[in-house]
Amino acid sequence: MIRDITLGQYYPAKSILHELDPRVKLAATMIFVISLFVARSPVGYGLATIFLVLVIRMSKVPFRFMTKGLKSIIMLLMITVAFNLFLVDGNTLWRLGFLRITDKGVQTAVMVGIRLIYLILGSSVMTLTTTPNDLTDGLEKAMEPLKKFYIPLGPLKKFRIPVHDMAMIMSIALRFIPILLEETDKIMKAQMARGADFESGNLIQKAKAMVPLLAPLFLSAFRRAMDLALAMEARCYRGGEGRTKMKPLKYESRDRTAYGVILGYFLIVTAIERGVQIYGWIVALPGRWMAVYQWILSFL
Amino acid sequence: MIRAEKLTFDYEKLDETGQAVSMKRAVDGVDLEVRSGEFVAILGHNGSGKSTLAKHINAILLPTEGTLWVDGMDTKDENRLWDIRQDAGMVFQNPDNQIIGTVVEEDVGFGPENLGVPTDEIWRRVEESLQAVGMLKYRKHSPNRLSGGQKQRVAIAGVMAMHPRCIVLDEPTAMLDPHGRRSVIRTVQKLNKEEQITVILITHYMEEVIEADRVFVMDDGKVVMQGTPKEIFSQVDRLKELRLDVPQATLVAYELQKRGFPLPDGILSNEELVEELCRLKSKM
Ligand SMILES: Nc1ncnc2c1ncn2[C@@H]1O[C@H](COP(=O)(O)OP(=O)(O)OP(=O)(O)O)[C@@H](O)[C@H]1O
Ligand SMILES: [Mg+2]
């Protein structure tokens, strides 16, 4: 069950998406997420769907790997959808005691559900096609301009955003997630063999059963951290300064094309939503003119 | 290559206010010299100060008293710290906790990256060192999916890519199965022979010591015995006193000797034992 978490998991395959510069993929994911919020009409969502399907096909990652990521948020998804379904005001469609479902509620619930699913799928495409190291390299490079800014703390001290350190922390965390998960699994099994019960009981009982799990886990995590720090130091690690890169990031022509594609997609979605808006406005125009006309009439 | 003079190190336990409450002398007046290209093994039971000594060679720990020179550089000289660490690489016990990269080749490149080696040169070094430890075909693999022995070989490659003249291995085989152990030791021996890398191997396994040029035995922070494996292992009683094992063949020969068989001292391998026994039989 613990192994279902696909966070930061990479699926090795040969595809254009795998070869793209991580910065492009980061930017594209962000733009795609924004586009999900720009889209409001079925046409907009349709476009997002087509885009997502095409990208997933292009990634050559089996679809079931994408849906694995969804499993871990299924609770969140259901809660969000339920909230929207029952709490949004509108014309009542159905009522049971204090619960009621409105037309607006259904509409928002569906919209929010789709948004959430697409969001996870979209970011899964990114993490599945990018090695954790590429990802952090991309983040580091993208945040590079931030290195120039600093907050002066007295005459000699300056606080700079530790961009390199943050990236290093992230890449190490990503490397150790599978190891720690495996360890959790092992400790759980060891304790289950001695009669511990993690499966039954209500949420609070389950949480309580986890406590004896955490102590050994933390202990070993700290040990690992100390060992790792030592190993890094022994291999001359001294922060980002003077460090060269084995795989320096460089834009290729395919990266520029990809930027073009994602921007094109975004413009089209925006245009369509605008179009839908303008269309709606035009359709409503006679009514509006009527209102204005009546308003003027009322003065006469 | 490496020279220690009256090397002493105390671990201090500090209380909350930073006052030293207790001290533990882990290394106590050690004098030793390791020549360039030598294969040296360090033995000693748990807590005898082997790891502490090893960490001095990499300037992770600095001596409380005495001096240690690596290639003529005093480890207390802060300006040479990175030269020392580049020159004397270190491989640790737990294979999981010393691999930094998420892909084998990225991990091997970590050291050269830190040294500021240009990109093309890093790739060359990575390939060369993976080749040297026989792990080139795993270059694109995730370290999590490798066996313990393979992980240790990757760790060795990571050190080799920094082009050191000396490698210190602190119980690199302690967590491995016999097969992994052999593959790691063979790799180390090969590097020692073919690339003239000075090797300092800390271990609990006597079989790994047999091929060393010289052996140091530590007890309670001091070097109490040193010599060739033959010299060391001919003193079975002394080793037992120090709570150390001896190779199985040596032990058998020792017991036979005690029962009156005129076998020579310092038999190390099974082959040697068989040979000596055959000779004995033909004489009878
Ligand atoms: N970080 C530390 N703080 C305090 N004391 C320590 C520390 N590390 C080691 N010691 C003590 O120093 C002594 C030497 O330890 P060291 O780790 O060098 O032994 P070792 O020969 O490597 O043993 P092992 O075979 O178990 O690895 C031991 O008595 C140990 O308890
Ligand atoms: Mg030790």
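Some observations on this one:
- Taking every C-alpha pair closer than 8 Å and separated by at least 6 residues, the mean separation divided by the residue count of chain B gives a relative contact order of 21 percent.
- Taking amide H as placed 1.01 Å from N in the peptide plane, B:Met218 has its amide H under 5 Å from the amide H of B:Leu43, B:Gly44, B:Val224, each at least 5 places away in sequence or on another chain.
- With a 1.4 Å probe rolled over the protein heavy atoms of all chains, the accessible area of A:Asp103, B:Asp87 falls in the order A:Asp103, B:Asp87, largest first.
- When you restrict to C-alpha pairs under 8 Å that are six or more residues apart and normalise by the size of region A:162-249, the relative contact order lands at 36 percent.
- Segments B:124-135, A:11-22 sorted - mean Cβ within 10 Å per residue, highest first: B:124-135, A:11-22
- Evaluated with a Cβ-only charge set (Lys, Arg +1; Asp, Glu -1), region B:2-228 carries a dipole of roughly 680 debye about its Cα centre, given to the nearest 20.
- Here is the list for region A:78-139: chymotrypsin sites (Phe, Trp or Tyr not before Pro) lying in DSSP coil, each with at most 13 other C-beta atoms within 10 angstrom of its C-beta, are A:Phe98.
- DSSP bridge pairs, the protein assembly as shown: antiparallel proportion in percent, nearest 5: 65 percent
- Lysine pair count for region A:162-249 (Cα-Cα distance under 19 Å; residues 8 or more apart in sequence or on different chains): 4.
- Accessible heavy-atom area order of A:Trp289, B:Trp82, highest first, probe of 1.4 Å: A:Trp289, B:Trp82
- Averaged over peptide A:221-231, the number of partner chain Cβ atoms lying within 10 Å of each residue's Cβ comes to 4.
- Within straight-line cross-link reach of B:Lys258, lysines at Cα separation under 17 Å, skipping those fewer than 8 residues along the same chain: B:Lys240
- Calculated [θ] (222 nm, deg cm²/dmol) that DSSP helices of n ≥ 4 give over the protein assembly as shown, each run adding -39,500 (n - 2.57): -17500 deg cm²/dmol
- For region A:35-170, a Kirkwood radius taken over Cα pairs fed into Stokes-Einstein (25 °C, viscosity 0.890 mPa s) yields D = 133 µm²/s.
- Label zone at B:Asp74, where the point sits 7 Å out along the Cα-to-Cβ direction: region B:1-38 residues whose backbone N lies under 19 Å: B:1-10, B:29-33
- For region B:208-222, the Karplus equation 6.51 cos²θ - 1.76 cosθ + 1.60, evaluated at θ = phi - 60°, returns couplings of 6, 8, 3, 8, 5, 6, 9, 10, 10, 10, 10, 8, 6, x, 10 Hz by residue, with Gly and Pro reported as x.
- Partner lysines for B:Lys13 [C-alpha distance under 27 Å; skip if fewer than 8 residues away on the same chain]: B:Lys24, B:Lys50, B:Lys55, B:Lys76, B:Lys222
- Whole-Å semi-axes of chain B's equivalent ellipsoid (Cα gyration tensor): 34, 26, 16
- Residue by residue along B:101-113, Cβ atoms of other protein chains within 10 Å of the local Cβ number 6 on average.
- Within the protein assembly as shown: Cβ-based charge dipole about Cα centre, in debye rounded to nearest 20 (Lys, Arg +1; Asp, Glu -1): 2620 debye
- Residues in region B:177-284 average 55 Å² of solvent-accessible surface per residue, probe 1.4 Å, ligands and nucleic acids excluded.
- Contact order for chain A, expressed relative to its length and based on alpha carbon pairs under 8 Å spaced 6+ residues apart, stands at 26 percent.
- With each label modelled as a point 7 angstrom along the Cα→C-beta vector, the A:Gln9-A:Val110 pair spans 3.1 nm.
- Under Karplus coefficients 6.51, -1.76 and 1.60, residue-wise ³J(HN,Hα) of region B:270-275 in Hz, glycine/proline x: 4, 4, 4, 4, 4, 4
- Region B:17-41-region A:227-300 distance, computed between alpha-carbon centres (Å): 60 Å
The values are calculated or read from the model by the stated rules, or taken from the named source; none is laboratory data. Worth saying up front: this structure is predicted, and the values here are computed from it rather than measured. Backbone-built Cβ (ideal geometry, glycine too); neighbour counts: all protein chains shown. Calculation scope for accessible area: heavy atoms of the full protein, side chains included, ligands and nucleic acids excluded. Shrake-Rupley method; radii C 1.70, N 1.55, O 1.52, S 1.80 Å.
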